[in-house]
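The values are calculated or read from the model by the stated rules, or taken from the named source; none is laboratory data. Since we're looking at a predicted model, the values are computed, not measured. Please note: Cβ atoms are built from the backbone with ideal geometry, for glycine as well, and neighbour counts cover all protein chains shown. Side chains are part of the model used for accessible areas, which takes the heavy atoms of the whole protein and leaves out ligands, DNA and RNA. Shrake-Rupley method; radii C 1.70, N 1.55, O 1.52, S 1.80 Å.
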Amino acid sequence: SYACGVKVESCEGSSAPECCEGSSRHDAMPGVGVFVTVTVPDDKKDEFLKVMDVDVKGSREEPGCLRFDLLDQGGGVYSFYEIYKDSDAMALHKTLPHYKGWADFKAANMETVGKSQTVIKFVSVDP
C-alpha cells in the first residue's frame, strides 16, 4: 500500500514519517489522471487562457483533485494534467461549472481545438 507517497508494506507499530496518523496523505492510494494536449489558434488564445484559468482554479478547490496544471509548450500547443484521488472524483469534476466552461469552449472550437486534442489516461505512481 501507499502512505504519504511512500510504498510501505505495513504501518502497524511503525513511527516512520510515512506512517504518521496525522498526515493528510495517510493511506493514500495512487490517483487517477489525464494528460490532455491541444493546439489553440492565435485568435482563440486569450479566450482559452481565461476559460482554463477558471477551470484550473476551480478544479484545485475540489476535495478530490490532487493536482491540476496547465503547461504552455509554445506554438499554440498547451497541455494540462489532472490527478484525482479516484475515478469518482474525476467523474464529479466533469459535472461542475468550471469544467463546463472548458467543455463549451472545446465544443465551440471543435474544428481546431477539439480536433487537435489528445488524451492520455494514467494512474499516478506517487499520489
Of all residues being under 14 Å from Pro41 (Cα atoms) and part of a helix (DSSP H, G or I) in the range 76-106, which is most open to solvent (accessible area, probe 1.4 Å)? Just the residue, please. Lys106
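Yes or no: Asp69 of a type in the set (Asp, Glu), part of a helix (DSSP H, G or I) and modelled with pLDDT of 95 or more?
no
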Please indicate, with yes or no, whether at least one residue in the range 107-126 is assigned to a helix (DSSP H, G or I), of a type outside the set (Val, Ile, Thr) and touching a Ser or Thr at 6+ places or on another chain (Cβ under 6 Å). yes
